[in-house]
Amino acid sequence: MSAIAAEAVTGETTARPVVGVLALQGDVAEHLRAVDLSGARPLPVRRLAELEAVDGLIIPGGESTTIWKLLSIFELADPLRGRIAAGMPVYGSCAGMILLAGRLVDHAGDQETLGAIDMTVRRNAFGRQLDSFERDIAMRGVGDEPFHAVFIRAPWVEEAGPFVEILATEPGTGKIVAVRQGRALATAFHPELTQDNRVHKIFVDMVRERS
Ligand code: GLN
């Protein structure tokens, strides 16, 4: 039973849903902190029982090929696909965006994806010169204040399907860097590396709506 369901049974508040952070590789601690500051209860997810206990899941930035390998080794890929198909909200930042994609332009080896968003993603898209950079960008849903976006060997969305809502583009290239489709959210940048929790708050609201 999820924590939300447990609370419903005991009649307690459902205001703090459990938001998991996939903790196989990547910047897990930063996401856990941002979840906590965004009004949800953070839970690192490494095992099936933990995956089953969360109301929503964040896939962190890191190295998507490594995260994919570990998902397979830990036998979490299929259960995760199942929970996404059943409507669990998911949010992926950077490597997490790559993992949520339906298609990759230049996937490495036998790297697969979870197919949560109808989009084609290009890995390491900004190229060498712009390997890592920071830029204030406008983003739908976070209010008028620009979001300070940190890009680290970031992907971009090469092509988005008709039901994908485009939340932000990178001003220098015009490329799509934040999207939402239904209960899946993805950013090419890393809000968890800043003190600005507005993107995490959007996700926690998505989890609350679902719960
Ligand atoms: N380039 C990385 C990958 O392909 C993602 C980088 C990141 O998450 N900062 O997984």
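The values are calculated or read from the model by the stated rules, or taken from the named source; none is laboratory data. These figures come from a predicted structure and were not determined experimentally. In this analysis, Cβ positions are derived from the backbone assuming ideal geometry, glycine residues included, and neighbour counts consider all displayed protein chains. Side chains included, ligands, DNA and RNA excluded: accessible areas come from the protein's heavy atoms. Shrake-Rupley method; radii C 1.70, N 1.55, O 1.52, S 1.80 Å.
Below, the figures for the structure above:
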quantity: Ratio Rg/Rh, restricted to the chain and using Cα atoms, in which Rh is the Kirkwood radius; calculated: 0.95
quantity: Where K175, K69 fall by accessible area, highest first, once all protein chains stay in place (1.4 Å); calculated: K69, K175
quantity: Equivalent-ellipsoid semi-axes of segment 103-211, from the Cα gyration tensor, Å, largest first; calculated: 21, 19, 12
quantity: Pair Q195, F74: separation of 7 Å Cα→Cβ label points (nm); calculated: 3.1 nm
quantity: With every protein chain in place, the chain: carbon and sulfur % of accessible area (1.4 Å); calculated: 50 percent
quantity: Accessible area of the chain divided out per residue, in Å², using a probe of 1.4 angstrom; calculated: 44 Å²
quantity: Degrees separating the helix 198-210 axis from the principal Cα axis of the chain, which is the longest one; calculated: 40 degrees
quantity: FRET efficiency estimate (nearest 0.05) - Cβ-Cβ, R33 to D144, R0 30 angstrom; calculated: 0.75
quantity: Relative contact order (%) - criterion: Cα under 8 Å, at least six apart; region: the chain; calculated: 20 percent
